[in-house]
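Heads up: the structure comes next, in structure tokens.
The values are calculated or read from the model by the stated rules, or taken from the named source; none is laboratory data. Predicted model only: the values in this text are computed from it and were never measured. We place every Cβ from the backbone using ideal geometry, glycine too, and count neighbours over all the protein chains shown.
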Amino acid sequence: MNLTYSIKLNINKDMLSTPETLAQAENAGSGTRTVSFQHIADRLRAIFHSRWTDLVIRGILAFLFIYGGGLKLMDPKAFAATLSLYDLIPEMLLPVVAVGLPALEVAAGTALLFDVRGGLTVITGLLVLFVTVLGYGILTDLNVDCGCFGPEEIEGQQSLRQAFIRDLFLIGAASFLYYTRRTRTQLETGRLS
């Protein structure tokens with residue numbers, strides 16, 4: 001049996017999600033099922049507040065940081081060479097930053113993966129730092145690769161723009177994790193109705 005779903009928005013609030021209205025629409029015999037806006041909003045809210053959604057987004061962010069940091073740790077000299085092109089770090093600190101920053105990425109990614117307190121905060125701080133440095137590179141028209149996932153990444157200004165946009169999306173994902181954790185905590189304690 002082929003069902004066609006259509007959405008009908010009813011302005012009358014008492015008709016939005018009553019079981020009788022939905023049952024009448026389902027039994028209308030036309031093969032069309034009417035779904036209320038409230039029903040869709042409730043389903044989306046349930047998905048957004050699901051622990052699975054939190055787990056998937058947290059896993060993706062953690063994987064990206066563990067993978068990116070691990071690649072840079074395998075070749076710290078190449079990462080130090082990329083960092084030197086930005087001309088933001090004194091030459092004598094390049095080796096320390098070339099090892100310390102990727103190690104922090106791996107540690108923060110691991111903490112986020114296992115939901116250790118502070119992991120999301122460090123990830124968010126690193127993303128803000130990366131967006132700032134990438135923005136600097138774009139504004140000063142640097143023609144370097146971003147250094148995000150090692151030297152094999154696309155080189156040049158296009159790489160900086162792509163990484164900048166990617167990191168903005170990752171900040172959005174981190175913000176989503178903050179939001180869902182806050183609202184889920186409030187729902188569990190009964191402070192949000």
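Taking (1) touching a helix residue (DSSP H, G or I) at 6+ places or on another chain (Cβ under 9 Å); (2) free of Cβ contacts under 8 Å to residues at least 12 places away in the same chain; (3) more than 15 Å from Arg184 (Cα to Cα) in turn, Ile47 satisfies each apart from (3). Here Asp75 passes the criteria (1) surrounded by fewer than 13 Cβ atoms within 10 Å (Cβ to Cβ); (2) at pLDDT 90 or above; (3) not small (Gly, Ala, Ser) except the one numbered (1).
Of the helices (runs of 4 or more DSSP H) entirely within the range 66-147, those holding at least 1 residues that are in contact (Cβ under 8 Å) with a residue 60 or more places away in the chain, within 28 Å of Thr180 (Cα to Cα) and within 18 Å of the chain's Cα centre (by Cα) occupy 119-139. Among the residues of the range 37-52, is there at least one that is at pLDDT 50 or above, among the polar types (S, T, N, Q) and either at negative phi or surrounded by fewer than 12 Cβ atoms within 10 Å (Cβ to Cβ) (or both)? Scanning the range 37-52, I find at least one residue that is at pLDDT 50 or above, among the polar types (S, T, N, Q) and either at negative phi or surrounded by fewer than 12 Cβ atoms within 10 Å (Cβ to Cβ) (or both), so the answer is yes.
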